[in-house]
Every structure is written in C-alpha cells, then in structure tokens.
Amino acid sequence: MHRLTARSPVWPGVTQVWSQLIGRELQPCTCPASWSPTRLFSISTSPLRQLSDKDWVQSFLSQAVKKSPSVSSESMGHGEGAQRAQRRHRLFHDLNFEPDRHGRHHDRFSDRSSLHDQYSGFSDSMTEPDWRNMARPPPNFDFYQPAASVTHRSAEEIQSFRRENHIHVVQGQSHVPQPILQFDEGNFSPGILNVLSRQDFSTPMPIQSQGWPIALAGQDLVAIGQTGSGKTLGYLLPALMHIQHQSPLAARDGPIALVMAPTRELVNQIGQVAHAYCKGLQLQTTCLFGGASRSRQLRDLDRGCHLVVATPGRLLDFLSSHQTNLTRTSYVVLDEADRMLDMGFEPQIRQILDQVPPERQMLMWSATWPQGVQELATDFFQSDDHIHLNIGSTQLHANKNITQIVDVVTSQDKMPSFIDFMTNAREHDPHARILVFADTKRAVDMLQRILQNKRIRSHAIHGDKSQSDRDRAIQDFRSGRISTLIATNVAARGLDVDDVKCVFNFDLPTSIEDYVHRIGRTGRRDRSGVSYTLVTSDNINQVDELIQVLKEADQKVNPDLIELSHLKKQGRGLGKKSFRKSDGYSKPRGRKRY
Ligand SMILES: Nc1ncnc2c1ncn2[C@@H]1O[C@H](COP(=O)(O)OP(=O)(O)OP(=O)(O)O)[C@@H](O)[C@H]1O
C-alpha cells in the first residue's frame with residue numbers, strides 16, 4: 001500500500017487519521033474541538049460528510065500543523081491509489097502556512113482562509129464564565145402574544161396553508177405555534193412594520209410565516225428553506241423583537257442578539273438589512289469581520305450594540321482580547337448553519353457558545369441540512385425540544401425556479417466551453433448578470449484574464465483579494481456597473497444580488513450542498529434563473545448526488561451524466577472515458593442541452 005505518514009509526537013491521532021486518508025478512499029470528516037483520536041476515527045468512518053476532500057485535508061492540515069508542527073508527508077508509490085496520493089501530496093505542498101500576528105498559523109492556499117477570519121479558534125485566554133455566580137438581568141423569552149386573527153384560525157385553514165406552502169414541521173409538532181399569514185399578525189413593533197411597508201413585499205414568505213411565531217415564542221429552531229426564500233428576515237425581525245423585550249444594555253454589556261455567518265460578504269449583507277430595521281427602533285448594530293477596520297468595530301462595540309453580526313473568527317478575536325463579551329446574549333443565530341457546524345467552524349462556534357449564558361435561544365437557518373450536521377446540531381441546543389421546520393422537500397433540494405443545465409465535457413473542453421458560453425451570452429445580452437464559480441483562486445484569476453482578453457469586463461473575488469477589492473466587486477455587481485462576477489465559494493452562500501440571470505459553474509463543487517447554494521444565487525424570491533454546470537469525468541464521485549438533485553427539482557438529466565454514473569458503478573471512470581468534444585459547449589448550435 002502506498003502510504004503517506006504523519007509524525008506527530010504531540011498528537012498521535014494525526015498519524016492514525018492520516019494513514020486512513022491514504023489507505024482507502026478519503027472520507028471527509030469533522031474535527032471536533034477536543035481533537036480526540038477516538039472521536040475523529042468514529043466520525044471519519046461515518047458516511048455523512050459532504051465536505052470536499054480538499055477542504056477536509058486543508059482544514060485538517062491547518063489544524064494539525066498548529067497542534068503539531070512536525071507533521072510531514074513522505075513516500076508514494078504508483079498506480080491509481082498513488083495518483084490520488086500524489087494529487088493530495090501536491091495539494092499539501094501548495095499549502096503555505098504562515099503565522100499571524102498572534103503566532104497562529106493560517107492556510108493561505110485554501111480559499112477557506114477567506115471563510116475563516118481567524119482560523120485557529122484555540123484561544124487560551126478565554127475560560128467559561130461562572131454563570132451561577134454572575135449577576136445579570138434574566139432574559140425574557142415570554143413576550144409573544146399571537147394576534148386574535150391567528151388564534152381564531154381553524155385547524156383546517158392552518159393545515160391547508162401548511163400543505164399549500166410545503167411547510168413541514170419535522171420535529172416539535174406538539175409545541176409549534178400557529179403560522180402568521182400577514183405582516184400585521186406578528187405583533188411587530190410599528191418601527192418594524194414601517195420598514196416592511198416600504199418594501200414591495202405583499203405577504204410573509206412561508207419560512208417567515210411559520211418561522212416568525214416560533215422564534216418570537218422563544219423556541220429553539222432549525223429552519224431549512226430553499227435559497228432566496230427570505231430566511232434573513234426570518235431570524236432578524238424576531239431578534240429585534242427579542243431585544244426590545246430585554247432590560248436595556250448597561251455600560252460594557254455585549255450584544256443581546258448575535259448572528260454568526262461564514263463569510264465577510266454575508267455578514268456585511270446581513271448587517272445592512274439589520275441596519276435598515278434597527279435605525280427606526282433606536283437599536284445599535286455592528287458587523288464584525290476580518291479585513292475591515294478593527295478599531296472602527298471596537299468603537300461600535302464600546303458604544304454598546306444590541307445586535308452583532310459576525311464571522312466567528314473576528315468575534316473570537318474580540319472575545320479573547322476581552323474587548324467584548326456575550327454575558328447578555330440570549331438570542332443566537334447560525335446563518336448557513338450547516339457550514340457553521342462543519343469541520344472548519346465547529347471548534348470556533350463551541351468556544352463562542354461557551355461564552356454565552358445557558359439561558360439562550362438558539363436558531364439555525366440554511367437551505368441545506370446534511371445528515372451529519374443534524375447530529376452535531378443537537379449538541380448546541382440546551383434541550384431536546386427544539387423545533388425543526390422544513391419548507392419543501394426534506395431531501396436535499398434545489399430551488400425549482402432554476403433551470404439547471406449540465407454538460408459533460410473533457411477537461412480540455414472546459415475552457416472553450418466557458419469562452420463560448422460567455423461570448424454567446426454577452427452577444428445576446430451585455431448586461432445580464434452572470435456569476436461564475438471556480439474552485440480555486442488561481443482558476444478564478446485565470447478566468448478573469450481570459451475574459452479580459454475577450455474584452456468582457458468582470459470582477460473577481462476570492463480570499464487573496466483585499467477586503468476593499470472584494471467589497472467593490474460585490475458593490476459593482478449589485479449596482480450593475482459590472483455584469484460578470486467570478487468567484488470562489490466565498491460568494492456561494494447567502495449572497496443576495498437582485499436578478500442574477502445565470503450561474504455558471506466552471507468547476508462542479510465537491511460538495512453537493514455547495515452546488516445547491518451556488519446555483520441559488522439565481523432564481524431568488526419568485527424569479528426564474530438558469531444555472532450551467534460543466535462536469536468532467538474527474539467529478540465521477542459527485543455524479544449520483546447531482547443526478548438526485550436534478551431529479552428532485554424536476555430537471556431533465558443529461559444522458560452523458562447518467563452514462564458517467566454507470567461508469568462509476570462499473571468501477572471505471574477517472575480518465576478512462578473521454579467525452580467527445582462535440583458533447584461540450586464548443587458546438588453550441590443544434591446540440592441538445594440539458
Ligand atoms: N416577505 C417577503 N416578500 C418578498 N420578498 C422578500 C420577503 N422577505 C424577504 N424578501 C426578499 O427575498 C430575497 C431573498 O431573501 P434572503 O436573502 O433572506 O434569502 P435566503 O433564504 O436567506 O437565501 P439563501 O439561502 O441564499 O441565503 C431578499 O431580496 C429579500 O429582501
């Protein structure tokens with residue numbers, strides 16, 4: 001067997017898991033805060049993880065190097081296993097660990113570095129407060145009075161509303177409150193209703209109709225609804241109501257409500273929505289994320305903030321330097337909860353939640369909810385009686401407003417397909433917003449250069465870009481100054497840009513959840529959209545999941561994709577079958593596309 005070994009005197013679990021990586025097909029797994037080899041082993045053998053191999057390895061190494069700087073790799077053989085190992089080996093060598101100003105190491109190759117403002121999350125300066133002996137105003141979770149029109153609604157009416165809107169209460173049926181069908185049924189304060197009335201919203205979206213009363217009633221919640229279905233207001237408006245029913249902030253108090261999200265762009269976007277509602281309520285809010293002025297964020301915190309929206313890394317930075325605290329926090333949201341609980345963020349989330357008093361309401365929102373994360377999530381609730389709400393299928397599902405086109409091409413055909421697609425699209429409509437995803441920073445830069453040569457203007461965002469460049473790119477894309485944005489996964493989740501016409505996946509993401517989130521940047525609210533994805537035989541391991549997502553969304557499945565799936569079942573694939581050039585986008589006319 002071809003082995004890659006890791007020597008880790010400090011942490012023997014590294015060796016064990018490492019040889020597991022190479023000894024058989026890699027099973028991406030979570031890295032728990034405790035880093036216990038036993039738990040790692042059990043989790044890594046569970047079938048759950050949708051995280052990509054690459055993500056896993058990069059995260060794993062980043063943590064491993066921090067734990068044990070003597071981690072190293074050695075010796076590889078030949079054959080398919082060795083090729084796999086070599087690919088990973090190259091990947092490891094591409095990693096570039098560099099200590100930050102605290103002497104902690106960051107992974108500068110992976111674009112996960114851009115998802116993690118401070119990757120480490122292992123801060124020694126934070127201990128769990130002694131909650132029993134700490135004087136603080138008790139949180140109030142009991143303020144929601146359903147409107148008479150809500151309580152008078154008959155059981156049949158409620159049932160048919162839930163049925164028509166595909167609202168499934170997966171867990172907690174016995175204590176789920178009745179849905180709110182109109183904005184004025186939520187008992188929202190006039191300040192909130194004022195802002196709502198200025199938007200062109202007619203009624204709450206289904207996830208809001210059912211999610212609002214649950215959140216307002218102080219219950220723990222997992223809320224899963226398709227991309228673009230209004231989840232942000234789903235948790236923000238109850239957060240503001242919650243804040244308004246707590247004792248006022250005293251000097252040096254930290255926030256009452258905390259929202260955590262995985263990327264800076266998403267934090268910024270949520271912060272902007274929150275700001276619009278906070279203004280009229282005289283509530284203070286701020287965003288904490290890396291790459292932006294720390295001193296300005298500190299000034300906001302010092303002034304007192306009712307609501308903080310943060311990436312875990314920057315929040316931990318402020319917590320570990322004791323420049324803020326969470327002793328008043330009683331409403332905690334994990335937006336993109338599955339991403340927040342995956343291997344990269346879990347230790348950080350645990351550390352942060354250790355700083356939040358146990359009397360807290362916890363809400364998790366996402367469009368995807370993979371099995372393994374579900375198990376993990378229960379760890380974060382204080383009791384077993386949380387409600388799990390699902391809008392639409394309980395299977396992994398994509399937004400049905402999106403027409404999903406998938407082409408199977410050779411690796412060599414990817415670039416011509418991209419160029420053909422973009423030149424055709426731009427000839428047809430120079431202003432249609434197109435969002436292009438690639439897996440690596442290098443590929444993103446390369447695609448941008450190619451477009452530049454074709455005189456197609458675009459911006460690119462990834463973790464190596466400065467925050468101001470990233471902000472400008474999003475701003476220009478939003479305003480329509482630039483109609484093509486090329487991005488890594490930093491733009492995959494949550495980004496809400498009006499009327500993105502098409503999402504082009506130059507690379508199929510290794511996690512099917514990421515695919516669902518990426519294509520979900522189009523077809524938001526009740527609009528329609530198109531996604532176009534290039535698949536090569538290198539993606540053979542993702543093909544079955546992709547077919548499942550396509551079928552679930554009632555999409556036609558490209559026969560080439562089915563053929564690829566058959567090849568996989570026959571144990572062939574990986575470079576054995578080459579798809580003819582004519583199957584790719586390079587012959588756009590007269591070719592049947594799906
Ligand atoms: N009640 C409503 N009626 C119409 N539009 C709404 C309503 N509530 C929110 N929206 C709008 O719907 C769009 C999508 O909302 P949002 O960004 O919250 O979606 P999401 O479910 O969080 O998506 P994702 O899973 O991609 O993060 C936003 O532009 C938002 O302003």
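Summing Cβ point charges (Lys, Arg +1; Asp, Glu -1) relative to the Cα centre of region 93-391 gives a dipole of roughly 880 debye. Scalar couplings 3J(HN,Hα) for region 530-536, obtained by applying the Karplus form with A = 6.51, B = -1.76, C = 1.60 to θ = phi - 60°, are 10, 10, 10, 10, 9, 10, 10 Hz; x denotes Gly and Pro. At a temperature of 4 °C and a viscosity of 1.567 mPa s, determine how fast region 93-391 diffuses translationally according to Stokes-Einstein, using the Kirkwood radius over alpha-carbon pairs as Rh; express D in µm²/s, rounded to the nearest whole number. Estimated diffusion coefficient is 66 µm²/s. With the simple model of a label 7 Å out from the Cα in the direction of the Cβ, residue 247 to residue 570 spans 7.2 nm.
Distances between placed amide hydrogens fall under 5 Å for residue 504 paired with 435, 436, 437, 532, all partners being 5 or more residues away or on another chain.
Using a Förster radius of 56 Å, what is the FRET efficiency between residue 563 and residue 469 based on their Cβ-Cβ separation? Nearest 0.05, please. It comes out at approximately 0.85. Backbone geometry of region 407-413 corresponds, through the Karplus equation with coefficients 6.51, -1.76 and 1.60 at θ = phi - 60°, to 3J(HN,Hα) couplings of 10, 9, 9, 7, 4, 5, 7 Hz, x marking Gly and Pro. Annotation: amide H of residue 387 within the under-5 Å range of 220, 221, 222, sequence separation 5 or more or interchain, hydrogens built in the peptide plane.
Our coupling estimate for region 148-157, obtained by passing each phi through the Karplus curve with A = 6.51, B = -1.76, C = 1.60 and θ = phi - 60°, is 4, 4, 6, 5, 7, 5, 6, 4, 5, 4 Hz, Gly and Pro reported as x.
Annotation: the antiparallel percentage among DSSP beta bridges lying fully within region 93-391 is about 20. Applying a DSSP loop filter and a limit of 16 other Cβ atoms within 10 Å to the GluC sites (Glu not before Pro) in region 336-407 leaves 359.
Take every Cα pair under 8 Å whose residues are at least 6 apart in sequence, average their separation, divide by the length of region 93-391, and the relative contact order is 26 percent. Highest-first packing order for the peptide set 213-222, 392-401 is 213-222, 392-401, based on the mean count of other beta carbon atoms within 10 Å. Over 32 Å apart at the Cα level, from the set 414/501; 465/569; 501/569; 414/568, are 465/569; 501/569.
FYI, it's all coordinate maths here, none of it is from the lab. Since we're looking at a predicted model, the values are computed, not measured. Here the Cβ is made from the backbone with ideal geometry for all residues, glycine too, and neighbour counts use every protein chain on show.
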